[in-house]
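The values are calculated or read from the model by the stated rules, or taken from the named source; none is laboratory data. Computed from a predicted structure; not experimentally measured. Note that each Cβ is placed from the backbone with ideal geometry, even for glycine, and that neighbours are counted across all protein chains shown.
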Amino acid sequence: MVPHAGALVASALGLVALAGAATIYIAVRAGDADRLVAHTVEVRQDATQLLSDLQDAEISQQGFLLTADGKYLGPIHRAQRSVPSTMAELLSLVSNNPEQQNRLNHVKSLVDR
């Protein structure tokens, strides 16, 4: 038998254990990254929806002011219903980011005028 066979087996088992621990660590980190990416996508989708609703309301307002035609009021009414909930959702999503909260609160103050 090889004189240091026990030490070689112990070293091999240690390396296998280390590789297993590294694999678990990487899997956990990948899961964290996936959650962060999903969160970012959700924030961007809500922000895009908010921008779209506000743009529609602004264009509708301009159309109504130019023509006095009530058909332009539909998007404004939809925005009045959807913007508060979208804004609340965004504030909730960015609750862990003071800079984004400040930006969103600024937008909210402009919308509330």
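Some points to look at:
- Residue 65 part of a helix (DSSP H, G or I), modelled with pLDDT of 85 or more and surrounded by fewer than 10 Cβ atoms within 10 Å (Cβ to Cβ): yes
- The one condition in (1) closer than 30 Å to residue 100 by Cβ; (2) among the aromatic types (Phe, Trp, Tyr); (3) touching a residue at least 12 places away in the same chain (Cβ under 8 Å) that residue 64 fails to fulfil: (1)
- Residue ID - nearest to residue 48 (Cα to Cα), chosen from residues in region 86-113 that are small (Gly, Ala, Ser) and not in a loop (DSSP other than H, G, I, E, B): 88
- Output for region 18-50, where each listed residue is under 16 Å from residue 95 (Cα atoms) and of a type in the set (Val, Ile, Thr): 40, 41, 43
- The condition (being within 24 Å of the chain's Cα centre (by Cα), farther than 16 Å from residue 110 by Cα and either touching a residue at least 12 places away in the same chain (Cβ under 8 Å) or surrounded by 11 or more Cβ atoms within 10 Å (Cβ to Cβ) (or both)) is satisfied by just one residue among 55, 49, 80: 49.
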